[in-house]
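Scroll down for the structure; my scribbles are underneath it.
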Amino acid sequence: KNLAQGNPIKLEINIDTEIADPVRANKMVQDLIVECVNAALCGIDLETYVEDEERNNALQMHIARIRYLGLSSKNRAISVLWEHLTPQTINSFRAILANKRVTKVFHNLTYDTGVLQNPFYRFRIDGDLEDTLLGHHAAFPGLRHALQGVACQFRGIPPWKSEFRDGKREDVDDPAEEAVYNATDIFATVKTVAPIHVW
């Protein structure tokens, strides 16, 4: 539709990451949370791991741990290492999850909310929840619903999922790359909410 009307279709990715500087990571999260509260919308995406990969995998949300926290407003997204976050910053994140006035946006909310509420975290989640995976299922039942395909259906965006092989490149173990992957995921997720609602 946008292409036919001559509107720009390229999605300009506006992301920032921090994996080395705890002070900057905490400030980034605190600043974005304020932005999300003011806009009454917050995109959330987690990159997870398990401590014993021989016995478990990160798809087991009841024992998964958070490695990266991705947050997005309508205008920008960030990703930071969870281990850098102070109790004060985690409490700010806890508050936005419980804030009834802030819509929380996920792609596959069943997994992310399961991790956030598992025994390691026990976060309370309240208010409206938006799941672009389920929304796309409802709007386009015959299509694939993976995030890369959903995002590319509405906007021109590089194939970041393919490039990062779902965040686990075989030839490179680079935390900086995974943080970029995480931030891109949640930025693209938030940008799919409005077009899905049109349908």
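The values are calculated or read from the model by the stated rules, or taken from the named source; none is laboratory data. Remember, it's a predicted structure, so these values are computed and weren't measured experimentally. Because the Cβ atoms are built from the backbone with ideal geometry, glycine has one as well, and the counts that use them run over all protein chains shown. Keep in mind that these areas ignore ligands, DNA and RNA; they rest on the heavy atoms of the full protein, side chains included. Shrake-Rupley method; radii C 1.70, N 1.55, O 1.52, S 1.80 Å.
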Q.
With every protein chain kept in place and ligands, DNA and RNA left out, what is the accessible area per residue of the chain? Probe 1.4 Å, answer in Å².
A. 53 Å²
Q: Quick one: compute the contact order of the chain, relative version, from alpha carbon pairs under 8 angstrom and 6+ residues apart, as a percent.
A: 27 percent
Q: Would you list the P(r) distribution for the range 1-105, with all Cα-Cα distances sorted into 10 Å bins from 0 and each bin expressed as a whole %?
A: 14, 38, 30, 14, 5, 0
Q | Helix runs (DSSP H) in the chain reaching 30 Å along axis by Cα, Kyte-Doolittle at least -1.0 | A | 175-198
Q) Using a basic spin-label model with each label point 7 Å from the Cα along Cα→Cβ, how many nm lie between residue 50 and residue 65? A) 1.4 nm
Q. Carbon and sulfur: what percent of the range 106-156's accessible surface (1.4 Å probe)?
A. 53 percent
Q) Among bridges DSSP assigns within the range 1-122, what percent are antiparallel (round to 5)? A) 65 percent
(Q) Between residue 23 and residue 90, how high is the FRET efficiency from 1/(1 + (r/R0)^6) when r is the Cβ-Cβ distance and R₀ = 22 Å? Nearest 0.05. (A) 0.90
**Q.** Shape category assigned to the range 81-159 from the gyration tensor of Cα positions, a/c cut at 1.5
**A.** prolate
Q) Between residue 198 and residue 128, what is the label-to-label distance in nm when each label sits 7 Å out along the Cα-to-Cβ direction? A) 1.9 nm
(Q) Here are a few candidate values for Rg and Dmax of the Cα atoms in Å: (i) 17.3, 53; (ii) 24.9, 71; (iii) 16.4, 53. Which one was actually calculated from the structure I just gave you? (A) (iii)
